[in-house]
Every structure is written in C-alpha cells, then in structure tokens.
Amino acid sequence: MRTLWLCLIALAPFTAHAQSAAQASAPRRATTVARNDWRVTLTIFRSPGTGLQVSKGHLAAFVAHYPTVIKRDGAQRGTQFVRLGLAAYARPDARTSPYASVSFAPSLTKGWSNSALADVGARQRFGSRYSGQLGVALLYAPHTKQTRVNPTVGLGVRF
C-alpha cells in the first residue's frame with residue numbers, strides 16, 4: 001500500500017503542473033472526446049486487463065481478465081485474475097491523462113487467493129478511437145498477506 005500512496009503523491013504535482021502549463025499556453029487545442037459522453041472501450045492486456053471499460057467524465061468501471069507471472073512455490077508461474085473495478089482519470093477529455101484505479105481481483109488460478117489490485121499511471125490517446133496506458137500496479141492477497149508490484153501496459157479501442 002505504501003508504494004501505491006507514493007505513486008499517487010508523485011503524480012499529484014505532475015497533474016497540477018500540466019494543468020497550469022496548459023492554462024498558460026495561448027491557444028487551446030480541441031479535446032479528443034467530450035467530457036460527458038458515455039464511452040465503451042475494449043481493453044487489451046494488463047491495463048486494466050483484456051475486457052470492457054465503460055466511462056463517463058472522470059470515472060470508469062471495468063471488468064477484465066488480468067494475467068501476470070508470480071513467483072509461487074519457488075518458481076515463476078502464470079497467474080490469472082478477473083478484475084472488477086473503478087478508475088478515475090484526472091483529465092478525461094485530454095490526449096494524456098494520469099489515472100488511478102482500484103479493483104477486486106478474484107483468482108482463476110489454484111494456489112493464489114482472491115486479491116485487491118490498485119494501479120496508477122498515464123493514458124495517452126492516439127486519435128479519437130485508440131489509446132494506450134502505462135502504469136504500475138500493487139496486487140495484494142489478504143488471505144496470504146502477499147504483495148506484488150507489477151508494471152501495467154494496455155491498449156484500448158473505443159466504440
């Protein structure tokens with residue numbers, strides 16, 4: 001949890017600086033999406049996972065498959081989760097936006113318990129339909145009190 005808080009604190013000045021710099025620049029560019037439009041996005045890989053995300057304004061809800069490799073029983077093993085969660089985007093109508101998300105992650109793999117997952121990072125839009133996300137996730141299994149930190153990368157296609 002400490003790593004998650006440190007990441008959130010590290011992103012706060014970046015967001016404030018980016019907003020003040022955007023206000024200081026003379027011409028304003030058009031945004032890529034309207035802030036209050038409902039958006040449905042097919043997400044691929046680990047940010048937030050392979051699944052669907054529905055968003056409006058700053059908030060998004062998602063359900064996705066989250067694969068990762070975790071060292072268990074002395075060996076690196078593929079571990080699979082379903083992520084059910086919420087994300088918040090600092091600047092949902094901008095090309096680049098910091099985000100934070102939290103989710104419940106039921107395990108699909110024998111030998112690893114259900115977990116909680118939180119991640120922070122940045123989303124970059126590529127035109128009006130495509131986006132990429134890059135971040136870091138903290139995976140916590142309360143039953144075994146184990147914590148893992150994973151890089152997260154993902155692609156999105158908006159419908």
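The values are calculated or read from the model by the stated rules, or taken from the named source; none is laboratory data. Everything numeric in this text was worked out from a predicted model, so none of it was measured. Virtual Cβ from ideal backbone geometry, glycine too; neighbours counted across all protein chains shown. To get the accessible areas, we keep the full protein, side chains included, count just its heavy atoms, and leave off ligands, DNA and RNA. Shrake-Rupley method; radii C 1.70, N 1.55, O 1.52, S 1.80 Å.
So the values come out like this:
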item: Hits in the range 79-90 - residues which are β-branched (Val, Ile, Thr) and buried (at least 18 other Cβ atoms within 10 Å of the Cβ); result: Thr79
item: Condition check for Ser47: of a type in the set (S, T, N, Q), more than 16 Å from Phe159 (Cβ to Cβ), surrounded by 13 or more Cβ atoms within 10 Å (Cβ to Cβ) and modelled with pLDDT under 95; result: yes
item: Residue within the range 111-132 that is among the hydrophobic types (A, V, I, L, M, F, W, C) and without any contact (Cβ under 8 Å) to a residue 24 or more places away in the chain present; result: yes
item: Any chance Gly127 is open to solvent by 10 Å² or more (accessible area, probe 1.4 Å), over 21 Å from Trp38 (Cβ atoms) and not polar (S, T, N, Q); result: no
item: Whichever residue in the range 31-44 is at pLDDT below 95 and open to solvent by less than 70 Å² (accessible area, probe 1.4 Å) and, among such residues, is farthest from Gly135 (Cα to Cα); result: Ala34
item: Residues that are more than 17 Å from Gly156 (Cα to Cα), among the hydrophobic types (A, V, I, L, M, F, W, C) and open to solvent by 50 Å² or more (accessible area, probe 1.4 Å), drawn from the range 52-78; result: Val69
item: Test: residue in the range 130-151 that is farther than 19 Å from Asp37 by Cβ, among the charged types (D, E, K, R) and assigned to a strand (DSSP E or B); result: yes
item: Residue count, the range 141-156 (criterion: open to solvent by 20 Å² or more (accessible area, probe 1.4 Å) and farther than 14 Å from Tyr66 by Cα); result: 6
